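**Q** One structure follows; several queries about it will come next.
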Amino acid sequence: MRKIMLNAILFVFSIGVFAQKDVTKFLGIPVDGTKSEMIQKLKAKGFQYDASRDYLTGEFNGHRSELIVATNNNKVWRIMVRDAFPSNESNIKIKFNLLYRQFEKNEKYIHVSSDQTIPDEENISHQMTIYNKRYEASFYQLPVIEDSLALAEELRSLMLTKYTEEQLANPTEDIQSDIVNSSVSLFIEKCSNKSVWFMIDRQYNDYYLLLFYDNEYNHSDGEDL
């Protein structure tokens, strides 16, 4: 039983070890590198680049969309997807809830919080105008784990910086608890660097969905201050 528990703990902990190499992906493309490189990769996916307006257009998730590539220190940190055409209040609620359910059932993502769908009876125009309510939903892309001997060896080396081989082979309850707590904390931290979220944007009586794929490793952290 102890060895089974330890193997499970080490599997979770391995996410924290290798997540630094694993960044948010958009259509399978890492949200990373230079802007020009990203634009070329998106063009290869069928999007068209408008240099005068500095965005790309094409179909995404069944809808005509506009893509904006955001950078920090010449590294891509965000892909924003925007509806090319506006929706009315009724349709934007339907689109928001549908997109939420699509993410919810996708095994590549985990919830950031509980159900964030919009109730059918919600008057979003009133809520946004009077109370400045913001409608958004957030998810994390799960880290990618590579099952290899090299991974196992590096993971073993990491454990041995804190515990002896004998302790890992026969962990006490305190050691098991310590490893579990550390692994869960790292898991949450690394997942948070692969943020994917969306929100409703209102412009007069028109509504748009804005979808963001963020690589928080490249996001500004005050280094220019």
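The values are calculated or read from the model by the stated rules, or taken from the named source; none is laboratory data. The structure presented is a predicted model; accordingly, all values stated were derived computationally and were not measured. No Cβ is skipped: glycine too gets one built from the backbone with ideal geometry, and neighbour counts run over all protein chains shown.
**Q** Any residue at all in region 52-64 that's under 20 Å from the mean Cα position of the chain (by Cα), surrounded by fewer than 14 Cβ atoms within 10 Å (Cβ to Cβ) and within 25 Å of Glu216 (Cα to Cα)?
**A** yes
**Q** Also: If you take just the strands (runs of 3 or more DSSP E) that sit entirely in region 111-225, which of them hold at least 1 residues that are in contact with a Pro (Cβ under 7 Å, 6 or more places away or on another chain), at pLDDT 95 or above and farther than 21 Å from Trp77 by Cα?
**A** Qualifying strands (runs of 3 or more DSSP E): 206-215.
**Q** Another question, if that's okay. List every residue pair whose Cβ atoms lie under 7 Å apart, where the two residues are 6 or more positions apart in sequence or sit on different chains, the first residue falls within region 155-177 and is without any contact (Cβ under 8 Å) to a residue 24 or more places away in the chain, and the second residue, located anywhere, is assigned to a helix (DSSP H, G or I) and not β-branched (Val, Ile, Thr).
**A** Qualifying pairs under 7 Å: Ile175/Gln167.
**Q** Among the residues of region 81-101 satisfying the criterion of being surrounded by fewer than 18 Cβ atoms within 10 Å (Cβ to Cβ) and hydrophobic (A, V, I, L, M, F, W, C), which is farthest from Lys35 (Cα to Cα)?
**A** Restricting to residues being surrounded by fewer than 18 Cβ atoms within 10 Å (Cβ to Cβ) and hydrophobic (A, V, I, L, M, F, W, C), the top hit is Ile94.
**Q** Quick check on this structure: which one of Leu99, Leu56, Leu67 is under 16 Å from Phe212 (Cα atoms) and part of a helix (DSSP H, G or I)?
**A** Among Leu99, Leu56, Leu67, only Leu99 is under 16 Å from Phe212 (Cα atoms) and part of a helix (DSSP H, G or I).
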